[in-house]
Ligand code: AHR
């Protein structure tokens, strides 16, 4: 049997399997335009779940066959998924790398198989970058800058002369963790009022956000002026701990978060979060458009960054629209 026929059969089988697994969403009307293998890193946050849903929805809208695998927060699962995509001879591989390092080998295998690779959301570092056709994701450095710029304006408006900041960071060695931290630190560096008392790792998880906050409150108590948290999930875990310790979040402590999911925006409206920098999970349309171009042998942009906003107590928060994640 020819390679093309094998691929078509694998594709139809895959779509049939997906249709059984997600009956309401995946209902391909005809043979898909192309087969896209996508390795999602996990389901650690509302952001991630929204991102997966958007990619499923857009694949269905574009008539693209989607082979979706969830790696449950394990890099080895992502590497195994990419190898399965290569074995199926999908047309395009996409993945959201949980961490930046450790991809060279598997990506060189994709290149040898002639399958183009697209990054969604997060980046890879070093020599693995040469195997990537396009990165579709937020400018995380800018998100850190926007968070810090908000803090500087807030400190000005409150007339603060000294600001003690605790930082709850995302997954170690991941792009959003590295770049959000770098953007934030670079921006506050020249402001003598700002001191980062401690940075602790919360792995983008609500439970870890709570744990980190308990530790920070036990250690620094009322000396904490600002909590800068790298995502909404960890912020939502930290807030009850702050209240249990007798502080009023948003008043006794300035709370800054990143993502802009509905739950965090609702809490921003209650005044318990002061600022949320948007990071949109809606990357599916750009992914499908890029996959089609790659399949057709067209050139693609090497980086695509969505435009993002800042939601804070500086604006009329009642005007913020439903977030959809
Ligand atoms: O990579 C994007 C980050 O990962 C989001 O900020 C976070 O919520 C997610 O888990």
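Any read-out appearing in this document is the output of simple, stated calculations on the displayed coordinates, not a laboratory observation. Every value quoted in this text rests on a predicted model; they were computed, and no experiment measured them. Note: ideal-geometry Cβ built from the backbone for every residue, glycine included; neighbour counts use all protein chains shown.
I need the P(r) histogram for region 137-220: all alpha carbon pairs, bin width 10 Å from 0 out to the longest distance, whole percents.
Percent of Cα pairs in each bin: 17, 45, 34, 4.
Output the Kirkwood hydrodynamic radius of the chain, Cα pairs only, in Å rounded to one decimal.
When all Cα pairs of the chain are included, the Kirkwood radius is 20.7 Å.
Placing one identical point scatterer on every Cα of region 227-325 and ignoring solvent, what is log10 I(q)/I(0) from the Debye formula at q = 0.14, 0.17, 0.23 Å⁻¹?
For the requested q values the scattering log ratios are -0.59, -0.75, -1.12.
Kindly list the residues of region 141-179 that lie in the label zone of residue 214, defined by a backbone N under 18 Å from the point 7 Å along the Cα-to-C-beta vector.
Flagged as within label range: 168-169.
Order these peptides, 33-40, 259-266, by their mean beta-carbon neighbour count within 10 angstrom, highest first.
Descending mean neighbour count gives 33-40, 259-266.
What order, most packed first, do the peptides 283-293, 129-139 have when packing is the mean number of other Cβ atoms within 10 Å of each residue?
Numbers: 283-293: 21.8, 129-139: 19.7.
Top of the packing list down: 283-293, 129-139.
Counting helices only, and only those DSSP H runs with n ≥ 4, report the 222 nm mean residue ellipticity of the chain as the sum of -39,500 (n - 2.57) divided by its residues, in deg cm²/dmol to the nearest 500.
-14000 deg cm²/dmol, from helical runs alone.
Rounded, prolate or oblate: which fits region 140-279 when a ≥ b ≥ c are the square roots of the eigenvalues of the alpha-carbon gyration tensor, with rounded for a/c under 1.5 and prolate only if a/b beats b/c?
Verdict is rounded for region 140-279.
How many nm is it between the label spots at residue 83 and residue 105, if each spot is 7 Å from the Cα in line with the beta carbon?
Between residue 83 and residue 105, the label points sit 0.9 nm apart.
Once you keep just the Cα pairs under 8 angstrom separated by 6 or more residues, what percentage relative contact order results for the chain? Each step should come with its number before you reach the end.
On the way: 637 pairs, mean separation 55.4, N = 325.
RCO, the chain: 17 percent.
Once both axes come from the Cα atoms, what is the angle between helix 232-244 and the longest principal axis of the chain, in degrees from 0 to 90, rounded to 10?
30 degrees
Taking Cα atoms, how many degrees apart are the long axis of helix 75-88 and the longest axis of the chain, rounded to 10 and kept between 0 and 90?
The answer is roughly 20 degrees.
Order these peptides, 47-53, 187-193, by their mean beta-carbon neighbour count within 10 angstrom, highest first.
Ranked by mean Cβ neighbours within 10 Å, highest first: 47-53, 187-193.
P(r) for region 76-133, please, calculated from all Cα pair distances in 10 Å bins and given in %.
25, 65, 11
Would you mind getting me the FRET efficiency between residue 197 and residue 270? Use the beta-carbon distance for r and R0 = 25 Å, nearest 0.05.
That gives a FRET efficiency of 0.45.
Please determine, in degrees from 0 to 90 and to the nearest 10, the orientation of helix 206-220 with respect to the longest principal axis defined by the Cα atoms of the chain, where the helix direction is its Cα long axis.
So the helix axis and the longest Cα principal axis differ by about 30 degrees.
What Kirkwood radius, in Å to one decimal, follows from the Cα pairs of region 19-145?
This gives a value of 15.1 Å.
Using the reciprocal of the averaged 1/r over all distinct C-alpha pairs, how large is the Kirkwood radius of region 101-173 in Å?
On the way: mean 1/r = 0.0645 Å⁻¹.
It is 15.5 Å.
For the chain, give me the percentage of DSSP beta bridges that are antiparallel, rounded to the nearest 5 percent. Write out the running numbers ahead of the final one.
Working: 3 of 41 bridges.
For the chain, the DSSP antiparallel bridge percentage is about 5.
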